[in-house]
1. Residues that are buried (at least 23 other Cβ atoms within 10 Å of the Cβ) and in contact with an Asp or Glu (Cβ under 7 Å, 6 or more places away or on another chain): list the strands (runs of 3 or more DSSP E) wholly contained in the range 237-344 that include at least 1 such residues.
2. For the range 158-185, which residues satisfy the criterion of being over 10 Å from the mean Cα position of the chain (by Cα), closer than 12 Å to residue 241 by Cβ and assigned to a helix (DSSP H, G or I)?
3. Could you check how many residues of the range 50-67 are out of contact with any helix residue (DSSP H, G or I) (no Cβ under 6 Å at 6 or more places or on another chain) and closer than 22 Å to residue 176 by Cβ?
4. Residue 227 - would you say it is within 30 Å of residue 52 (Cα to Cα), small (Gly, Ala, Ser) and either part of a helix (DSSP H, G or I) or not assigned by TED's automatic domain parsing to the domain that holds residue 45 (or both)?
5. Taking the condition of being in contact with a Ser or Thr (Cβ under 8 Å, 6 or more places away or on another chain) and assigned to a strand (DSSP E or B), how many residues in the range 73-98 meet it?
6. Scan the range 198-224 for residues that are part of a helix (DSSP H, G or I) and touching a Gly at 6+ places or on another chain (Cβ under 8 Å) and report the count.
7. Quick check on my filter: what residues within the range 293-316 are within 22 Å of residue 132 (Cβ to Cβ), modelled with pLDDT of 90 or more and of a type in the set (Ser, Thr, Tyr)?
8. Considering only the range 49-72, how many residues are of a type outside the set (Asp, Glu), surrounded by 24 or more Cβ atoms within 10 Å (Cβ to Cβ) and within 19 Å of residue 338 (Cα to Cα)?
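The values are calculated or read from the model by the stated rules, or taken from the named source; none is laboratory data. Keep in mind it's a predicted model, so treat the numbers as computed, not measured. In this analysis, Cβ positions are derived from the backbone assuming ideal geometry, glycine residues included, and neighbour counts consider all displayed protein chains.
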Amino acid sequence: MAETMLAARMHQPGEPLRLDEVPVPSPGYGQVLVKVHACGVCGSDVHFVAGHSPVARTPITLGHEPAGVVHQAGPGVENAAPGQRVAVRPGTRCGECEPCSLGRDNICERSQVLGMHVDGGLAEFVVVPAQDVIPIPEGVSFAQAAIASDAVATPYHALIERGQLRPGETVAVFGCGGLGIHAIRLARLAGAATVVAVDVQPRALERAQRAGADIVINAGEERPSRAIRKALGGADLAVECVGHPDSIGEAARSLKRGGRAVVVGMGDQPVALPPPNAFTWSENALIGSFGSSAGTLRRILAMAASRRLDLSQSVSAVLPLRDVNSALDMLRAPDREVVRVVIEPGR
């Protein structure tokens, strides 16, 4: 095995990623070394590079959606063996804190996110805790398994586990990028009666219609909350996938009585919400949602393997590691026709 590998590393916010030759990491106790076959590129990576979201250190290898094959198991590993196809959870879990003990390991108190706190999967190899790898079922590709860990499992957690979506309800999805498109598909699978898609890009709204949205609203042309309330009397569940103050406020204002607004998008700007009476009189709820648990990712992969969840259209482009900055440019483009871009380091 080679002693060095190539990795896409961020040295300074605002600069392109550099393709560095770095030592291949060695797995420690309870860890595995995964040979990366595919790694999704996410809007969060764009935020990291722009400096809008902080990373723990620089330089750092980005990439929190890797999938590949276990190459080497460290001491104490019993649940993973060399040659096993695995998806890797974006965030680690300690298994001991209160959230972990309650099955909410996505908000583990000692979690470290790949590509944010520790080196991630935009590289030829990545070291991760063995408890955070999930076997990939037969019939699911590496690319599909990679994006499932965040782009699919995250909106599933937001819709089903945090938003408590019930069949027959009306769902409004704010933001139709990778998370939003999968939120639309999952809402359909969960039995939503009507799905509304909100975005400012016409191409994104066209993509949303193809994904199953019944109504599309261009937020650059009309106020979404008014349009949703006029057409449907409000939404039972609104899922915000952008992290922008305006769309969070509009998601909260779009609800009917007893509705829930779930915020998935990440951002650091203050949000102007409706007054308290809008929540108390109507018993509306504003809920945060972060990532997903290990169990959720297992369910998503099982749904993909059974073809109940079709991920064949979820990967918009597959690029080699040397083109990682082109992948980021594709996500930045305002008129992008992209759901998810996947990097294959072996290409």
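1. In the range 237-344, 255-263 are the strands (runs of 3 or more DSSP E) which contain 1 or more residues that are buried (at least 23 other Cβ atoms within 10 Å of the Cβ) and in contact with an Asp or Glu (Cβ under 7 Å, 6 or more places away or on another chain).
2. 158, 159, 181, 183, 184
3. So the count comes out to 3.
4. When the stated conditions are applied, residue 227 does not pass them.
5. Qualifying residue count for the region: 3.
6. Qualifying residue count for the region: 2.
7. Listed by number, the list holds a single entry, 296.
8. So the count comes out to 3.
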